[in-house]
1. Compute the long axis of helix 88-103 from its Cα atoms, compare it with the longest principal axis of the Cα atoms of the chain, and write down the angle in degrees, 0 to 90, nearest 10.
2. Could you work out how far helix 305-314 tilts from the main Cα principal axis of the chain, as a 0 to 90 degree angle to the nearest 10?
3. Name the residues whose placed amide hydrogens come within less than 5 Å of the amide hydrogen of GLU361, ignoring near sequence neighbours (fewer than 5 apart) on the same chain.
4. Using the Cα centre of the chain as origin and beta-carbon charges of +1 (Lys, Arg) and -1 (Asp, Glu), tell me which of GLY52, THR77, GLY97 is placed farthest towards the positive end of the dipole.
5. Over the chain, with a Gaussian network built from C-alpha contacts below 10 Å, which listed residue (HIS208, HIS71, HIS243) shows the highest mean-square fluctuation?
6. Rounded to the nearest 20 Debye, what is the dipole magnitude of the chain about its Cα centre when Lys and Arg each give +1 and Asp and Glu each give -1 at the C-beta?
7. Have a look at the DSSP beta bridges in the chain and tell me what percent are antiparallel, nearest 5.
8. Any idea what the relative contact order of region 119-273 is, in percent, if you count C-alpha pairs under 8 Å spaced at least 6 apart?
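Just so it is clear, none of the values below were taken in a lab; they were calculated from the coordinates. Computed from a predicted model, the values in this text were never measured in an experiment. With ideal geometry, Cβ positions are generated from the backbone for all residues, glycine too; neighbour counts draw on all protein chains shown.
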Amino acid sequence: MGHLRGQLVLPGGITGGELRFGRCIEAVTPLENAPQGRFILPGFIDTHVHGGGGGDTMDGPEGLVTLARFHARHGSTTLLPTTVTAPWEEVLAALRGVREVRAAGGVPGGADLPGAHLEGPFISPERLGAQPPHTLPLTPARVAEALASGVLRAVTLAPEREGAGEAALAFARAGVRVGVGHTRADAEGVTRLLDAVHAAGGRTCATHLYNAMGGITAREPGPAGALLADPHAFLEVILDGHHVHPTSFQLARRAAPGRVLLVSDAVRAAGLGAGESELGGQRVTVRGGRVTLPDGTLAGSVLTLDRALRGALAAGVPLPEASAMLTAVPAASLGLTDRGRLAPGLRADLVVLGADFAVEEVYVTGQPVLERS
Ligand SMILES: [Zn+2]
């Protein structure tokens, strides 16, 4: 049985206390004189992460092990390995890789991988961002093939693509979060899709809100406007200082309390420093914390969620709210009820931060994956 003492970051506020845990949290007890400058949070949940530490989802099991261990050391205890738009056989192979790792019991010393995020190929060829040009229409056969992998937890699609409405409902009925992104749809098209999924009891999300979708103007609110105005859609934001203007982040946070989740959108190069790397078979360059294609297009990030948390704090977000953006909100967006809060009975996925909010200790189901040196 493990125990941790410090400032417990709970949804409603911060309380000095003690946490007792095995694989799950056993007890949360208030404590006078709990250590100051030592914050205990639920483990971070990253719903959009391509790679890190040199590994990539498209590499198969070896890449998954590498990225799961790399991000765990930065506080992410749950990840959805995220595919890129690629020839369909390669996408299916990546999904099989996630199934293989899960069947083998997960990644020792790494984050839990409850499933995968299929980003593309069902996106707009005109809003690729840094996705390679292998987009495909949504056919019932492809939807069935993707679902048959048994590991889909989230999908990104463009509502204007043929078959998107029907496919979104099929994904939602299978418990898959339906993401809107890499799209040229107008606000009406996005709202129609969101309403249909919600009416079927499904969950929706903006895939990296603002990025790879049109902006908001007076008469054309676009996908971002429709997603912000919707009362239910969750909103992924890449808070790395490059993808989203601070004011755009504040707009999302104020328009959609309890619906904003921070994601890394990290690529293979995360954690490797400046230099050349690869994304979806394309050459990318990392410089000054930005990842770009040769033409300057942003190509994912080298973000980790501990840095996203510090970014939110620097933007004036109180710690309990910033913590929720990395824990309770992403858990809710995926329908995961066994994690995301410090409460008895939930998985003992835990992060300990020091006074400077740097990660000091990380636990996945009670097992240390990063210990204080
Ligand atoms: Zn993307």
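1. Between helix and principal axis, roughly 20 degrees.
2. Between helix and principal axis, roughly 80 degrees.
3. Amide H neighbours of GLU361, under 5 Å, 5+ apart: VAL352.
4. THR77
5. HIS243
6. Values: 32 positive and 36 negative charges, 106 e Å.
That gives the chain a dipole magnitude of about 500 debye.
7. Working: 38 of 63 bridges.
If we restrict to bridges inside the chain, about 60 percent are antiparallel.
8. Numbers: 283 pairs, mean separation 27.2, N = 155.
After rounding, I find 18 percent.
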